[in-house]
Amino acid sequence: MDRKQHWEQVYTTKPSDSVSWFQEHADLSVRLIHNTGLGKDAAIIDVGGGTSKLVDDLVAEGYTDLTVLDLSSTAIAVAKQRLGKHADAIHWMEGDITRAEFPVHRFDIWHDRAVFHFLTDPADRHAYVGRVMKAVRPGGHVIVATFAEDGPEKCSGLPVMRYQPESLHAEFGDSFLLVGHEKEAHHTPAGAVQQFVYCYCRKGNN
């Protein structure tokens, strides 16, 4: 089963509020977006947004230039239905982040909670970083969250990479300045605790 088939099956067979990564509110992500200091017209992409409620939180706060990318058309359909009329103001992209095409310097903020750690092949991680380099404007902000070094070794039946802040930043390289990092103990709907690390970087002026 390829990646797309896997995630279509997940979102077809499980309610969106029962998957392990579900958050009623993406509080830490929203706070990090606030910390960029950018206005409500900032161009923001949520990579692997799927059924995440981050976009709901950002819409409620008045952000006006939002993009959600996910591999699963089912996940996007669920999010659109949940958002109702607000879905029309969001740019939805269905695709694999390692192959997706973006306009040059399109985004001010790149956000990814729990996609990058599924990229166990170095070639996929290289392709991902290449998309960030192209799509984020010079001086733009990159917020990426993965399982921490003491996080789970698998998620949704798939192997994952686990990171410390320094090793996660190293995947992106010297073109990105590590501004800060935080640990989060995520409580899953089933009652387990998963350790995440969030890295917040600034892209260089190139």
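Since every read-out is calculated from the coordinates, none of them should be taken as a lab result. Owing to the predicted nature of the structure, the values given are computational and were not obtained by experimental measurement. Backbone-built Cβ (ideal geometry, glycine too); neighbour counts: all protein chains shown.
Out of everything in region 27-49 that is assigned to a loop (DSSP other than H, G, I, E, B) and within 12 Å of the chain's Cα centre (by Cα), what residue ends up being surrounded by the fewest Cβ atoms within 10 Å (Cβ to Cβ)?
Among those that are assigned to a loop (DSSP other than H, G, I, E, B) and within 12 Å of the chain's Cα centre (by Cα), it is Gly48.
Suppose we filter Ser73, Ser52 for residues that are surrounded by 17 or more Cβ atoms within 10 Å (Cβ to Cβ) and more than 19 Å from Val136 (Cβ to Cβ); which single one remains?
Ser52
Pull out all pairs, ordered by first then second residue, where Cβ-Cβ is under 6 Å, the residues are six or more apart or on different chains, the first lies in region 111-127 and is of a type in the set (Lys, Arg), and the second is part of a loop (DSSP other than H, G, I, E, B).
If the second residue must be part of a loop (DSSP other than H, G, I, E, B), the pairs left are Arg125/Leu119.
Just need a number here: residues in region 152-178 that are among the aliphatic types (A, V, I, L, M) and without any contact (Cβ under 8 Å) to a residue 24 or more places away in the chain.
2
Pick out the one residue from Pro159, Pro165, Pro138, Pro189 that is in contact with a strand residue (DSSP E or B) (Cβ under 6 Å, 6 or more places away or on another chain) and surrounded by fewer than 21 Cβ atoms within 10 Å (Cβ to Cβ).
Exactly one of Pro159, Pro165, Pro138, Pro189 is in contact with a strand residue (DSSP E or B) (Cβ under 6 Å, 6 or more places away or on another chain) and surrounded by fewer than 21 Cβ atoms within 10 Å (Cβ to Cβ), namely Pro165.
Going through Arg125, Arg131 one at a time, which residue ends up being in contact with an Asp or Glu (Cβ under 8 Å, 6 or more places away or on another chain), of a type in the set (D, E, K, R) and either over 29 Å from Ser18 (Cβ atoms) or in a helix (DSSP H, G or I) (or both)?
Within the list Arg125, Arg131, the selection yields Arg125.
For every residue, the table says whether it meets (1) aromatic (Phe, Trp, Tyr); (2) assigned to a strand (DSSP E or B); (3) more than 25 Å from Trp7 (Cα to Cα); (4) touching a helix residue (DSSP H, G or I) at 6+ places or on another chain (Cβ under 7 Å).
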position	(1), (2), (3), (4)
Met161	no, no, no, yes
Ala170	no, no, yes, no
Asp174	no, no, yes, no
Leu178	no, yes, yes, yes
Lys183	no, yes, yes, no
Ala190	no, no, no, no
Gln194	no, yes, no, no
Val197	no, yes, no, yes
Tyr200	yes, yes, yes, yes
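Within region 102-111, does at least one residue satisfy the condition of being under 16 Å from Trp7 (Cα atoms) and either part of a loop (DSSP other than H, G, I, E, B) or out of contact with any helix residue (DSSP H, G or I) (no Cβ under 9 Å at 6 or more places or on another chain) (or both)?
There is no residue in region 102-111 that is under 16 Å from Trp7 (Cα atoms) and either part of a loop (DSSP other than H, G, I, E, B) or out of contact with any helix residue (DSSP H, G or I) (no Cβ under 9 Å at 6 or more places or on another chain) (or both).
Taking Leu69 as meeting all but one of (1) closer than 25 Å to Cys155 by Cα; (2) part of a loop (DSSP other than H, G, I, E, B), write down the number of the exception.
So the condition that Leu69 fails would be (2).
Let me confirm something: among Glu101, Glu61, which residue is without any contact (Cβ under 8 Å) to a residue 12 or more places away in the chain and surrounded by fewer than 17 Cβ atoms within 10 Å (Cβ to Cβ)?
Result of the check over Glu101, Glu61: Glu101.
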